[in-house]
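Here is the structure we will look at, set down as structure tokens.
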Amino acid sequence: MNTANNALTEAVYYILLALVEPMHGYGIMQQTAALSNGRVRLSAGTLYGALASLLDKGWIEQLPDDGRKKDYRITAAGRKVLEQELLRLAELLENGRNILNSPSE
């Protein structure tokens, strides 16, 4: 799994963060909005499309069905992707700060 050059969308980033704790779809929608201070609001269609893609990639897994709701959680592979994204974002932040805070000629 090489994700070093693959930036996550903001929605996928927050979905993965939300799924550090097992959660169902509506909970993911609420947690994503809360984590992003309301900037990322997922519709049901967007969320379930993203969940299907993340399941296919092996970044999340569906927990055994209890008959009421489907719960999901991040996998070890998904956690690795999230960690790599944090490193990428930290590099972006550092580069921006270095350039914007450097003395002008």
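Return the residues of segment 1-24 that are assigned to a loop (DSSP other than H, G, I, E, B) and either in contact (Cβ under 8 Å) with a residue 60 or more places away in the chain or not hydroxyl-bearing (S, T, Y) (or both); say none if nothing qualifies. Passing the criteria: M1, N2, T3, A4, N5, N6, A7, L8, L19, V20, E21, P22. When residues in segment 39-54 are screened for being under 16 Å from M23 (Cβ atoms) and over 14 Å from the mean Cα position of the chain (by Cα), 1 of them pass. The helices (runs of 4 or more DSSP H) falling completely within segment 25-105 that include 1 or more residues that are over 21 Å from A7 (Cα atoms) and in contact with a helix residue (DSSP H, G or I) (Cβ under 8 Å, 6 or more places away or on another chain) map to 25-35, 44-57. Evaluated against (1) surrounded by 12 or more Cβ atoms within 10 Å (Cβ to Cβ); (2) under 15 Å from the mean Cα position of the chain (by Cα), L63 falls short on exactly one condition, (2). A single entry from A7, A44 fulfils the requirement of being loosely packed, with under 11 Cβ neighbours inside 10 Å and aliphatic (A, V, I, L, M): A44. Being surrounded by 14 or more Cβ atoms within 10 Å (Cβ to Cβ) and among the small types (G, A, S) is a description that does not apply to A90.
Values in this text are rule-based calculations from the coordinates and carry no lab data. If you're wondering where the values come from, they're calculated on a predicted model, not measured in any experiment. Note: ideal-geometry Cβ built from the backbone for every residue, glycine included; neighbour counts use all protein chains shown.
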